[in-house]
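Student: To start, I am sharing the structure in question, which I have written as structure tokens.
The values are calculated or read from the model by the stated rules, or taken from the named source; none is laboratory data. These numbers come from a predicted model, not from an experiment. Cβ sites come from the backbone with ideal geometry, for glycine too, and all protein chains shown count toward neighbours.
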Amino acid sequence: MIIDMTEVQAINSFFRSESLKEVYGLIWLLVPIFTPAPGIIIGVLVIVWLERQISAGVQQRIGPEYAGPLGILQALADGTKLLFKEDLLPSRGDIRLFSIGPSIAVISIFISYSVIPFGYRVVLDDLSIGVFLWIAISSIAPIGLLMSGYGSNNKYSFLGGLRAAAQSISYEIPLTLCVLSISLLSNSSSTVDIVEAQSKYGFGGWNLWRQPIGFAVFLISSLAECERLPFDLPEAEEELVAGYQTEYSGIKFGLFYVASYLNLLVSSLFVTVLYLGGWNLSLPYTSIPELIGINEVGGVFGTTIGIFITLAKAYLFLFIPITTRWTLPRMRIDQLLNLGWKFLLPISLGNLLLTTASQLLSL
């Protein structure tokens, strides 16, 4: 048998080229996934700094001021400290559930950012069911909290996990009904289509003015989903020590901290997309994107302006949950469940029926 070395070299070069193509394809697949990660982490650090400064102003005290100029590096210093803390494990707990729980909470919330349009054509994946993907993924986070509470082998932690699951189920339904109303108004469940539908009507066409009842219900439900005061029952320190976080230390405790602020930021961004017009800053007769040509020309300048408008709206909205934390007292668990099932659910259902009737009459 005679082996032609030319053919062997051709085959080897073919496989090398194919393997290089696979490597390049994998790299280009991972680049858009991990590119938003640094920006999102920076956004979370900004929220932590804002909350500390605003809460200090509300309580008439001095906030962080030593770690960096104006204390902007305080959150980074706290994260570094937690990173070097000892990671303790409960001796009689389920170590696998105990370790996986925080990761599930963070990853499930992090995936929600994939359908958020930060600007014109600045979205990781424009899905036709974008808003419902967010609802489906966000409902996984309480499973991680329940796993953490059960794996801790601590009755206070387990009760905190059960409260997180019950709270999520109670307020997920009104939240979904509000999103359904927005989808009916926009004739789409895509986050990009929802923003563009609002831009057609200008400032008066923002869903905030077209759906005031839905906005109020969505705001309350999102606060409950983020476990923000007055709805932080899963970690009520007076009753449950620290809830599902009781047995955690070091970086695992830091992951819960990050998940809380990631959820707060993603909720604020969805409020911006669903109710505040997204990247469009509308004026009475026109809009800023139309004036500077974002939608037609695009480019780096237009994209930057769109991202800035989206983030500005989101961070301005964040003043509401931050000030609410230092204004209202914590509710009891029975009051929390009664509010979700007996008030918000009927109101959101009635709002959906009114929206459906108005859409049918307008045809």
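Student: Kindly indicate the residue of region 263-280 that is modelled with pLDDT of 90 or more and of a type in the set (S, T, N, Q) and also surrounded by the most Cβ atoms within 10 Å (Cβ to Cβ) among those meeting that condition.
Tutor: S267
Student: Let me ask something else about it. When only residues in region 303-361 that are among the charged types (D, E, K, R) and under 22 Å from the mean Cα position of the chain (by Cα) count, which is surrounded by the fewest Cβ atoms within 10 Å (Cβ to Cβ)?
Tutor: R325
Student: Here's a follow-up. Just to verify a result, which residue in region 212-262, among those that are at pLDDT below 80 and among the small types (G, A, S), is farthest from Y150 (Cα to Cα)?
Tutor: Checking each candidate, the answer is A236.
Student: Something else now. Does S188 meet the test of being over 19 Å from the mean Cα position of the chain (by Cα) and either without any contact (Cβ under 8 Å) to a residue 40 or more places away in the chain or over 21 Å from A357 (Cβ atoms) (or both)?
Tutor: No; evaluated as a whole, the condition is false for this residue.
Student: Within region 58-76, work out how many residues are surrounded by fewer than 14 Cβ atoms within 10 Å (Cβ to Cβ) and either assigned to a helix (DSSP H, G or I) or in contact (Cβ under 8 Å) with a residue 60 or more places away in the chain (or both).
Tutor: Residues in region 58-76 being surrounded by fewer than 14 Cβ atoms within 10 Å (Cβ to Cβ) and either assigned to a helix (DSSP H, G or I) or in contact (Cβ under 8 Å) with a residue 60 or more places away in the chain (or both): 4 in total.
Student: Continuing with the same structure: For the subset of region 108-140 comprising residues that are under 23 Å from A166 (Cα atoms) and more than 11 Å from the chain's Cα centre (by Cα), which member is surrounded by the most Cβ atoms within 10 Å (Cβ to Cβ)?
Tutor: Per the criteria, the residue is V131.
Student: Continuing with the same structure: How many residues does region 184-209 hold that are crowded, with 21+ Cβ neighbours inside 10 Å, in contact with a Lys or Arg (Cβ under 9 Å, 6 or more places away or on another chain) and of a type in the set (S, T, Y)?
Tutor: 0
Student: One residue is enough: does region 210-230 have a residue meeting the conditions among the charged types (D, E, K, R), surrounded by fewer than 21 Cβ atoms within 10 Å (Cβ to Cβ) and part of a loop (DSSP other than H, G, I, E, B)?
Tutor: There is at least one residue in region 210-230 that is among the charged types (D, E, K, R), surrounded by fewer than 21 Cβ atoms within 10 Å (Cβ to Cβ) and part of a loop (DSSP other than H, G, I, E, B).
Student: Being among the hydrophobic types (A, V, I, L, M, F, W, C) and not in a helix (DSSP H, G or I) is the filter here, so list the residues in region 314-345 that pass it.
Tutor: If the condition is that a residue be among the hydrophobic types (A, V, I, L, M, F, W, C) and not in a helix (DSSP H, G or I), then L318, W326, L328, M331 are the ones that fit.
Student: Which of (1) out of contact with any strand residue (DSSP E or B) (no Cβ under 9 Å at 6 or more places or on another chain); (2) crowded, with 20+ Cβ neighbours inside 10 Å does N153 not meet, given it meets every other one?
Tutor: Answer for N153: the failing condition is (2).
Student: May I pose another question? Determine which member of the set I95, I100, I107 is β-branched (V, I, T) and within 30 Å of K313 (Cβ to Cβ).
Tutor: Of I95, I100, I107, the one residue that is β-branched (V, I, T) and within 30 Å of K313 (Cβ to Cβ) is I107.
Student: Give me the pairs: first residue in region 215-232 and closer than 14 Å to V179 by Cα, second residue in a loop (DSSP other than H, G, I, E, B) and not aliphatic (A, V, I, L, M), beta-carbon distance under 6 Å, and six or more apart or on different chains, which are they?
Tutor: none
Student: With respect to S189, determine if the residue is assigned to a helix (DSSP H, G or I) and of a type in the set (S, T, N, Q).
Tutor: no
Student: If we keep just the residues of region 90-105 that are closer than 22 Å to Y261 by Cβ and surrounded by fewer than 18 Cβ atoms within 10 Å (Cβ to Cβ), which is nearest to the chain's Cα centre (by Cα)?
Tutor: Result: S103.
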